[in-house]
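Inspection log for the structure reproduced underneath, given as structure tokens.
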Amino acid sequence: MSAPSLETARHPERLRRVVIEPLSRVEGHGKVTLLLDEHGQVEQARLHIVEFRAFEKFIQGRPYWEVPVMVQRLCGICPVSHHLAACKALDQVVGATLTPTAEKIRRLMHYGQILQSHALHFFHLSSPDLLFGFDSDIARRNIVGVAAEYPDIARQGVLLRRYGQEVIRHTAGKRIHGTGSVPGGVNKSLTHDERDVLLADAYQMIAWSRDAVRLVRRLFEQNLELYRRFATFPTSTLNLVRADGALDLYHGGLRARDASGHTLFDHADYDHYWERIAEDVKAWSYMKFPYLKALGGDAGWYRVGPLTRVTQCDFIPTPLAERERRDFLAFDDGRAAVATLGFHWARMIEMLHAAEAIKDLLHDDDLFGTDLMAGGRREARGVGVLEAPRGTLIHHYRVDEHDQVVRANLIVATTHNNQAMNVAIREVARRYLDGRQLTEGLLNHIEVAVRAFDPCLSCATHAVGRMPLSVDLVEPDGRVVDTLRRG
Amino acid sequence: MPSRPGSVLVLAVGNPSRGDDAVGPLLAERLVAAGLPGVEVLIDFQLQVEHALDLEHRERVVFVDACVDADAPVVVRRVFAGGHFAHTSHALAPAQVLDTYRRVTGREPPPAWLLGVRAERFALGDGLSPAATHGCDAAWPRLVELCTR
């Protein structure tokens with residue numbers, strides 16, 4: 001499939017420019033630019049990443065054993081995902097096959113991360129749009145508004161998030177900058193007291209997660225036409241699956257399918273991911289554009305993340321989440337499973353799966369084991385891949401004989417989804433903005449499309465005084481004719 | 001919940017690897033080393049909704065953060081529940097954490113202050129700017145005062 005139009009206008013110098021910067025409720029520094037002709041028709045729409053992160057340079061030259069801690073500073077939202085992906089890559093460098101205790105502690109940590117990240121995204125970032133409407137009163141369209149009108153939902157979101165953080169704290173050693181996972185294993189197992197504390201709330205988390213899945217379903221049912229069509233487009237997909245085809249967020253082989261559902265490769269060893277995936281660059285964005293080599297640079301873009309994982313796995317290996325997955329796939333003759341807003345439904349199914357997986361792991365006595373570390377023949381290269389909350393995360397390191405990292409390559413979920421997000425905003429621009437007077441509510445439609453992917457565009461910089469949103473409408477001669485501001 | 005929370009909570013925010021964003025964690029580490037009685041210190045990259053639950057049973061809360069709109073090297077502001085939630089990204093402002101506490105618990109949050117250190121650069125791998133280094137030194141006695149008043 002080739003990318004739709006609206007990526008590049010033929011005569012941009014003649015067009016009006018609208019800039020949405022920064023995107024609100026999106027992590028990091030992103031902006032959207034729209035170029036409009038004299039009739040208000042959208043001629044070009046682009047999602048830009050305006051910060052160059054230089055991840056790889058940050059890591060080069062460091063001793064490899066520092067990397068699992070250092071990479072957590074790349075992202076304040078999913079540090080555990082970077083922590084674990086780095087460890088998986090460096091397991092290969094130290095030649096380790098994990099002990100059962102080490103693998104299960106890491107899995108527990110990972111599912112805690114999935115739970116807390118999905119809870120934050122749905123309850124705090126997306127539910128205001130979904131519960132009140134994309135162009136509802138902006139003064140109400142926020143988490144305070146949700147808390148006022150849906151107090152139980154807001155409270156559950158906070159407590160689900162907190163529970164995931166507690167799972168992380170008990171497995172990683174502390175809430176942030178955890179050191180629990182190390183190349184070759186883990187440095188602590190779980191105590192019985194820690195298990196009991198977590199288990200005491202595990203069933204409540206499952207119940208609330210299940211309620212959240214049902215809530216998204218009701219939202220679809222109440223506004224079916226909007227949810228079916230909004231920012232929806234055909235796309236190829238990429239995700240990890242377990243050897244038996246099950247959803248597995250910690251480990252597996254790569255599966256890719258084209259937009260018609262034809263499997264391009266399955267259970268592919270991620271150790272040589274570069275034989276399957278290449279990265280393109282475009283002059284207007286710092287973020288690369290990965291593509292599936294089997295389809296080529298123009299047609300090979302794809303989508304990762306919850307919607308891909310839930311629809312492209314063969315089954316979910318926990319019963320409640322599997323039942324919800326089947327309902328999701330069957331709903332509206334399968335249309336929800338290909339809709340961009342289906343991300344939210346799939347995300348809540350994964351949150352339910354994470355809650356169930358945590359409960360199951362807490363009943364596994366391997367968590368209390370003392371055999372924590374493994375080793376083997378030292379290697380110069382390691383690749384670690386897992387399914388982070390936002391999608392497939394790749395860490396790739398080369399380590400020299402002095403134990404220093406000499407090369408690093410990271411492909412994060414938001415990079416995988418770069419082109420898909422661009423296509424989403426073009427669909428929205430074409431459907432909702434063409435020829436209309438721009439309002440904050442209409443422009444929020446663009447943000448709703450981006451937020452469905454839950455992008456993490458930049459990482460872990462936060463300072464007081466940095467969150468305004470301004471939209472400037474600029475004539476071709478640079479004259480600002482209209483300004484819309486939040487904040 | 002912590003089993004024995006201090007009566008004063010210091011919530012320091014920032015990423016130690018991003019230039020002046022490190023001022024919160026640096027001041028927090030100094031505070032931990034000082035070992036002031038009745039003071040608990042939490043460090044995180046960003047403020048999030050669950051931090052509202054850390055406010056339980058506190059007499060006072062002090063947020064410590066880098067500040068890009070400060071009109072002095074160090075600013076101390078009283079913080080009240082509220083804030084412009086519509087502009088949030090994945091991170092909350094201190095006022096929003098207080099408001100989340102009020103919404104979740106149904107009670108008024110403890111009195112809170114923001115100690116801000118003027119900051120200017122945030123690139124990954126950067127060290128502290130001279131201005132932020134100076135600001136940290138100037139902020140230290142203010143932080144101790146806020147914790148012990």
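The values are calculated or read from the model by the stated rules, or taken from the named source; none is laboratory data. Only a predicted model underlies this, so the values are computations on that prediction, with no experimental measurement involved. Here the Cβ positions follow ideal geometry from the backbone for every residue, glycine too, while neighbour counts run over all protein chains shown.
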Only residues that are over 23 Å from A:Met351 (Cα atoms) and among the hydrophobic types (A, V, I, L, M, F, W, C): list them for the range A:103-147, please.
-> A:Phe134, A:Ile138, A:Ala139
Kindly indicate whether any position in the range A:160-181 is over 26 Å from B:Ile43 (Cα atoms) and either at pLDDT 95 or above or in a helix (DSSP H, G or I) (or both).
-> no
Taking A:Leu23 and the conditions (1) within 14 Å of chain B (Cβ to nearest Cβ); (2) at pLDDT 75 or above, which numbered condition does it fall short on, given that it satisfies the others?
-> (2)
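Applying the selection to the range A:51-98, what residues are among the charged types (D, E, K, R) and either assigned to a loop (DSSP other than H, G, I, E, B) or facing chain B (nearest Cβ under 10 Å) (or both)?
Listed by number, the residues that qualify are A:Glu51, A:Arg53, A:Lys57, A:Arg62, A:Arg73.
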All-but-one check, A:Ala294 against (1) outside any loop (DSSP other than H, G, I, E, B); (2) over 30 Å from A:Val399 (Cβ atoms), failing number (1)
Tell me, please, whether a residue that is among the hydroxyl-bearing types (Ser, Thr, Tyr), away from chain B (no Cβ under 14 Å), in contact (Cβ under 8 Å) with a residue 12 or more places away in the chain and assigned to a loop (DSSP other than H, G, I, E, B) can be found in the range A:99-119.
-> yes
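Conditions (1) within 14 Å of chain B (Cβ to nearest Cβ); (2) exposed (fewer than 15 other Cβ atoms within 10 Å of the Cβ); (3) free of Cβ contacts under 8 Å to residues at least 12 places away in the same chain, marked per residue:
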position: A:Gln165; (1), (2), (3): yes, no, no
position: A:Ile168; (1), (2), (3): yes, no, no
position: A:Thr179; (1), (2), (3): no, no, no
position: A:Pro183; (1), (2), (3): no, no, no
position: A:Ala207; (1), (2), (3): no, yes, yes
position: A:Val216; (1), (2), (3): no, no, no
position: A:Gln222; (1), (2), (3): no, yes, yes
position: A:Arg229; (1), (2), (3): no, yes, no
Neighbours by Cβ (under 6 Å, 6+ apart or cross-chain): first from the range A:404-430, closer than 16 Å to A:Ala278 by Cβ; second modelled with pLDDT of 90 or more and part of a helix (DSSP H, G or I) | none
Of all residues in the range A:196-244, which are of a type outside the set (D, E, K, R), outside any helix (DSSP H, G or I) and more than 21 Å from the chain's Cα centre (by Cα)?
-> A:Asn223, A:Ala243
Hits in the range B:94-144 - residues which are at the interface with chain A (Cβ under 9 Å from one of its Cβ atoms), closer than 16 Å to B:Val76 by Cβ and in a loop (DSSP other than H, G, I, E, B) = B:Ala119
Test result for B:Asp71, without any contact (Cβ under 8 Å) to a residue 12 or more places away in the chain and either away from chain A (no Cβ under 13 Å) or more than 22 Å from A:Gln165 (Cβ to Cβ) (or both) | yes
Could you tell me which of the residues A:Gly305, A:Gly253, A:Gly261 is surrounded by 22 or more Cβ atoms within 10 Å (Cβ to Cβ) and among the small types (Gly, Ala, Ser)?
-> A:Gly305
Determine, yes or no, whether A:Leu484 is crowded, with 17+ Cβ neighbours inside 10 Å and either at pLDDT below 55 or more than 14 Å from chain B (Cβ to nearest Cβ) (or both).
-> no
Kindly indicate whether A:Gly334 is under 20 Å from A:Ala259 (Cβ atoms), free of Cβ contacts under 8 Å to residues at least 12 places away in the same chain and surrounded by fewer than 16 Cβ atoms within 10 Å (Cβ to Cβ).
-> yes
Residue identified as within 21 Å of the chain's Cα centre (by Cα), within 14 Å of chain B (Cβ to nearest Cβ), of a type in the set (Asp, Glu) and within 30 Å of B:Gly106 (Cβ to Cβ) among A:Asp152, A:Asp129 | A:Asp129
Count of the range B:93-144 residues which are small (Gly, Ala, Ser), modelled with pLDDT under 90 and touching a His at 6+ places or on another chain (Cβ under 9 Å) = 1
Counting only residues that are facing chain B (nearest Cβ under 9 Å) and either among the hydroxyl-bearing types (Ser, Thr, Tyr) or assigned to a helix (DSSP H, G or I) (or both), which one in the range A:135-145 is farthest from A:Tyr432 (Cα to Cα)?
-> A:Val144
Could you list all residues from the range A:250-266 that are assigned to a loop (DSSP other than H, G, I, E, B) and within 15 Å of A:Thr311 (Cβ to Cβ)?
-> A:Asp258, A:Ala259, A:Ser260, A:Gly261, A:His262
Among residues belonging to the range A:297-327 that are of a type in the set (A, V, I, L, M) and in a helix (DSSP H, G or I), point out the one that is farthest from A:Asp244 (Cα to Cα).
-> A:Ala299
Is it fair to say B:Leu42 is within 9 Å of chain A (Cβ to nearest Cβ) and either within 15 Å of A:Ile176 (Cβ to Cβ) or modelled with pLDDT of 95 or more (or both)?
-> yes
Take A:Leu190 and decide whether it is assigned to a loop (DSSP other than H, G, I, E, B) and in contact with a helix residue (DSSP H, G or I) (Cβ under 6 Å, 6 or more places away or on another chain).
-> yes
